[in-house]
Structures are given as structure tokens and as C-alpha cells.
Amino acid sequence: MAIVSALLNWLPRVLSLSLCVFFFAFLGYCLYIKYQHLKYDHIPGPPRTSFFLGHSPILVEVMKKDGGVQEKFLEWSEIYGPVYRINILHNVMVGVHCPEATKEILMSPEYPKDKFFYKRVSNLFGQRFLGNGLVTARDHEQWYKQRRIMDPAFSSLYLRGLTSTFNERADKLMEKLSEEAENKTVANMLHLVNCVVLDIIAKVAFGVDLDLLRYSSPFPRAIEMCFQGMCHYVRDVTFEFRPQNWSYISEVRKACDLLRSTGAQWINERKTAMQNGEEVPKDILTQIIKSAGQEESMTKEDEEFMLDNFVTFFIAGQETTANQLAFCIMELGRHPDILEKAKKEVDEVIGMKREISYDDLGNLTYLSQVLKETLRLYPTAPGTSRGLIKDTVIGGINVPAGVTVMFSSYTCGRLEKFFKDPLKFDPDRFHPDAPKPYYCYYPFSLGHRSCLGQNFAQIEAKVVMAKLLQRFDFTLVPGQSFDIKDTVSLRPKSGVLCTIKHRHHE
């Protein structure tokens, strides 16, 4: 009884002390936020809607209305100029569309990936997602070792040898489209290219046959869940603390776990087969494991990074290329003159050949222009960001160190100052003789941290588009939306609904 009595006597003191600690911690945090405001409020920017949450409620409201956050960034860029400020909690972010600063920061290894965004995609709602792979690694040496291991698998020479597999998988889509044409059904092109791109990555990179155009799989849904979860986790800082979201968050974590456990299984099976001297596919996974074996040391952490890169490539590679293809089909459907010019080039370069060679792809100059212009208007990975490590003057404005600098390829691609009549779809902007955009076009980022898989992605996109243009006519179903759905990556909201017909070559 004496112990109970003593505890009861102490309880009010403990509670009082806890409240005092909480109060002073809260007061300290408030003062820190105010300090951040005072330090950076000389930078132009929209009014904050909340002392604590800053501009986060604006972004959440845009998302609730199914709008595009990138479109909001474009609006702020047009209002406030080449440098504008965003506050979220104690974090300060600066949107920049100044070519000189873009060159200085993105082309230099001095500026690390920023903590705020990349930490949240590294571990999604507490579940390891992209981890510390090539996209998310902030430590330069850690990143460089991974890049050294991955580089040989994405060299032009190695990808050239995989062209027949690209053709084989793309032919699966052509078979499906042939059925759609014969049955006169409406084709959801976004869904179909999603399936074929994931098929290509699974086969070309990991030697796995998914055949998603014929069989169901949990992977497409899991990938979609992860992207949607990323969108909420990055842009709505209170999302995970609201009880009504907890069951959804649990689903996102399960989706992450499915992708990572599948990756671990495929990697371990391949390693075992190689150790046993079995015949294995000459694909990207085999090449990466061989390259890793040549390293002086491979720690358990390095093995985890390999899994991080599997998930990164499997997810990001599928989502971005599929969306680029869907947007490309959408714009060609809206511009019959450009479509006819692209078909004519395909007929001249490829003719009736069923197998498109690596050299053929290099001769599809106009199709390359079409794909580049698609990425100007619809950069499916619309931006990147870096931590500012030193005080810098950007666009005549002093920006103190410590902020996240955001670069939006979406914003740059739609500004009149960089591209005349920017909303016009015009592939001739990327004609070989046209002046090259100066640090305002970077759909695959820039510098040493540019996308490792960009050559892979463009071979894939060209093979699929060339076969589509060679074999089919397509027409957009009237009345559908041409709006953009923003889920961190950008995709066509309508799905790009088309009627398909076989081409009749003379």
C-alpha cells in the first residue's frame, strides 16, 4: 500500500514534468519554424495557409480535387518568377527554373539529393521501398559503387544484344491489338502499354515471363498502390496520422513487401543457378550479379542495395515508359498530320520487317523527335531536387543554404520563355538542326545522377511505337479527357481510349 501511495503522490509531479517538457519542446519547435520563416521569407512565394503546415494544405486541396500538383508549381513559377518558396512544417523548398542554376546544381556532384523527398520514398510509411538505391542514395561514394556495378548492364553494346527480346515482347502487344481490331472493341492504351512495358522489363532485365496481356498478376496493382502511397506520403505530411487512412497505409506496405520479396526471390534464384553452373539468361540481372562479383568487397548492405535497385527499376522503369507511350499515342491521335509523317518514316525505314534492328531504331529520326516532344509536355518523372549546401544567388535572389531546391522539367517545358507556343505539340523543336534547349529540358535529369535506364527506356518506347505505327491505324474515342493525372509520376487521366484498325499497305 505504501508503494501505491508513493506512486500516486509522484504521479502528478511526473505528469506536470512531462507537460513542462512537452510545452518547452513545442515552444522550441514553434520558434524554430518562425526562425525558418524569417530566414527565407525574403524569397517570393505564395502566402502560407498554415503556420505549421505551410503550403501543404494547398497541395492537399489540389490532390482532393484530382488536380495536378505540377500544374500548381507551374502557376507559382509564372506568378513569382524563376525562384519561389514553399514551406512544409520546418522544411523550406525553393522551386527554380533558372538554366544557369540548373546547370550549376544538377551537373555538380557536390549537391546531394534532398532529405525530405528521398527519405520518404526510401521508406514508404515505415516500409523499406526504394531504400538507398541509385535514385535515393544521398552519399556519393555509396551511390558511385552501385552505379559502377549497374553501368555495364545498361551500356549501348549490351542493350543492342537484347533488341530481339524487346521485339518479341512488343509482338505480344501487337497480337492483342489485332484481337481488339478484329473484335472492334475500344482499347485502353494506357492499360495495354503498362502490361507490355512490365512484360519487357521482367523478361529483358530479370528473365521472367509474366505475359500480362494474357494472365492476371498482382504486380500492376502493387505498383499503382506504391505510387499513390508515395503521392500522399510526400505531399500530405499529416496523412499517416489520420486513423481513417490506416487501412489504406497497410495496403501500401503490403504492396511494397510484395515487390521486395519478389525481387529477393528472383535475385536469390539467379545467384543459386549461377553458383551451380546452370545455364542462365544473358539478361541485365545476370550482368549485374557478374559485375557485383568483380567488386573487392560486397557487404550485406550492398546486397540490400541490389534489391533496392531491382524495385527502383521494376517500378520506375515500368511507370515512366508506359506513361510516355500513352501520352505519345494520345498526341499522335490529336495530330493526324504528325501521325502520318511518323508512319511514313516507319514505312521507309522498316517497311514490312517483323524484326526491328538496333540500327533501324537509330534511323527513326522523326519518331525520336515525337518521343522527345512527348517528354517535353509530359515528363513522366516531372522533376528532381537537391539540398543546397551553400548560400547561393539564384536569379538575383540570395538563397541561404539549407533549403531543398526543386527542379521541374514540367514547369520548364511549359514556359513561353523557353519554348515558343509551349502548349503546341511540335516535334520539329527537336529536329537535329534545331537549337538545343539550354538546361530547361531534362526528363531524365542531368549530370552524374541522370537516369541510368534512359537508353533502355527509349529503345523500348521506339520498338513499341514503331511496331504500332507499322501495323495499325488508331483513332481516339471522341469525348474523352486529355487531362493529366498526377501521382508523383504523370499519366493520362482518360487511359487513352482508341479504336484500332489493321493498316492496309499498298
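For (1) surrounded by fewer than 17 Cβ atoms within 10 Å (Cβ to Cβ); (2) farther than 30 Å from residue 62 by Cα; (3) of a type outside the set (D, E, K, R); (4) touching a Leu at 6+ places or on another chain (Cβ under 7 Å), each residue gets a yes or a no:
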{"site": "196", "(1), (2), (3), (4)": "no, yes, yes, yes"}
{"site": "204", "(1), (2), (3), (4)": "no, yes, yes, yes"}
{"site": "214", "(1), (2), (3), (4)": "yes, yes, no, no"}
{"site": "219", "(1), (2), (3), (4)": "no, no, yes, yes"}
{"site": "222", "(1), (2), (3), (4)": "no, no, yes, yes"}
- Query: Could you count how many residues in region 380-437 are basic (Lys, Arg) and under 17 Å from residue 484 (Cβ atoms)?
  - Reply: 2
- Of the residues that sit in region 395-417 and are out of contact with any Ser or Thr (no Cβ under 8 Å at 6 or more places or on another chain) and without any contact (Cβ under 8 Å) to a residue 24 or more places away in the chain, which one is nearest to residue 43 (Cα to Cα)? 396
- Query: Based on what the data block shows, is residue 308 among the acidic types (Asp, Glu), at pLDDT 85 or above and surrounded by 18 or more Cβ atoms within 10 Å (Cβ to Cβ)?
  - Reply: yes
- Do you know which residues across region 83-108 are of a type in the set (Gly, Ala, Ser) and either free of Cβ contacts under 8 Å to residues at least 40 places away in the same chain or exposed (fewer than 15 other Cβ atoms within 10 Å of the Cβ) (or both)? 108
- Residue tally, condition surrounded by 15 or more Cβ atoms within 10 Å (Cβ to Cβ) and among the charged types (D, E, K, R), over region 390-428: 2
- Query: Which of (1) farther than 24 Å from residue 82 by Cβ; (2) in a helix (DSSP H, G or I) is the odd one out, the single condition residue 429 does not satisfy?
  - Reply: (1)
- Residue satisfying condition, being surrounded by fewer than 22 Cβ atoms within 10 Å (Cβ to Cβ), without any contact (Cβ under 8 Å) to a residue 60 or more places away in the chain and among the hydroxyl-bearing types (Ser, Thr, Tyr), within set 111, 80: 80
- Message: Anything in region 463-506 that is part of a strand (DSSP E or B), over 24 Å from residue 176 (Cα atoms) and of a type in the set (Val, Ile, Thr)? List them, or say none.
- Response: 484, 487
- Of the residues in region 114-169, those that are buried (at least 18 other Cβ atoms within 10 Å of the Cβ) and acidic (Asp, Glu) number 1
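The values are calculated or read from the model by the stated rules, or taken from the named source; none is laboratory data. Only a predicted model underlies this, so the values are computations on that prediction, with no experimental measurement involved. Here Cβ is always computed from backbone atoms with ideal geometry, including for glycine, and neighbour counts include all displayed protein chains.
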